[in-house]
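See below for the structure under consideration.
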Amino acid sequence: AIMRNWIFSFIAFIILILTSCSSTKIISDDRQYYVEAMGVGNDGTYVIKVTDFFRTVDEEVYLDGLKKDAVHCVIYNGIPAGNGSMRQPALMTGDTRLEGCEQLLNDFFQQKQYHLFVNAIVNSSKTISKIKGSKNYKVSVIMSVAKDDLRQYLIDKNIIKPLNYIF
């Protein structure tokens, strides 16, 4: 019995190690990027590493794209488990999504409202590398997304239901 418990504990530990260091590739209609949880942020925030590919190393261009990726991920996909944090579900799911919200979300992204919800960018975390045989650059940065503020914004704009919709 002791040996069986030891083996079970060892396997559970290996699974925990493998899942805690995961990065999730996100593919949506017009975007493809990678997101990795970097730990637990202050209350109401996610600290994540976002990686995407750009044709330029113009900081304004790639930071805008990475902010969009980060907020897109929080709304549509959620944050993967890793670095001491549990998986966080998407703010907009089949249950929380309100009908007719597509145009409101399109406007949100076209008007760059997502900038309001990225609190901090860790400049020292920035990595830029040229992709061999390509004109693209792989850019990664760690940033903080104000998840609670974003949720409230989406509720106020009638894009998602409030948390108490169950009751």
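Just so it is clear, none of the values below were taken in a lab; they were calculated from the coordinates. Computed from a predicted model, the values in this text were never measured in an experiment. Note: ideal-geometry Cβ built from the backbone for every residue, glycine included; neighbour counts use all protein chains shown.
Can you tell me which residue in the range 158-167 is surrounded by the fewest Cβ atoms within 10 Å (Cβ to Cβ), limited to those that are under 21 Å from the mean Cα position of the chain (by Cα) and of a type outside the set (A, V, I, L, M, F, W, C)?
Pro162
Can you tell me which residues in the range 64-104 are in contact with a Ser or Thr (Cβ under 6 Å, 6 or more places away or on another chain) and without any contact (Cβ under 8 Å) to a residue 60 or more places away in the chain?
Pro80, the sole residue that qualifies.
Tell me which residues, restricted to the range 113-148, are in a loop (DSSP other than H, G, I, E, B) and surrounded by 12 or more Cβ atoms within 10 Å (Cβ to Cβ).
Asn136
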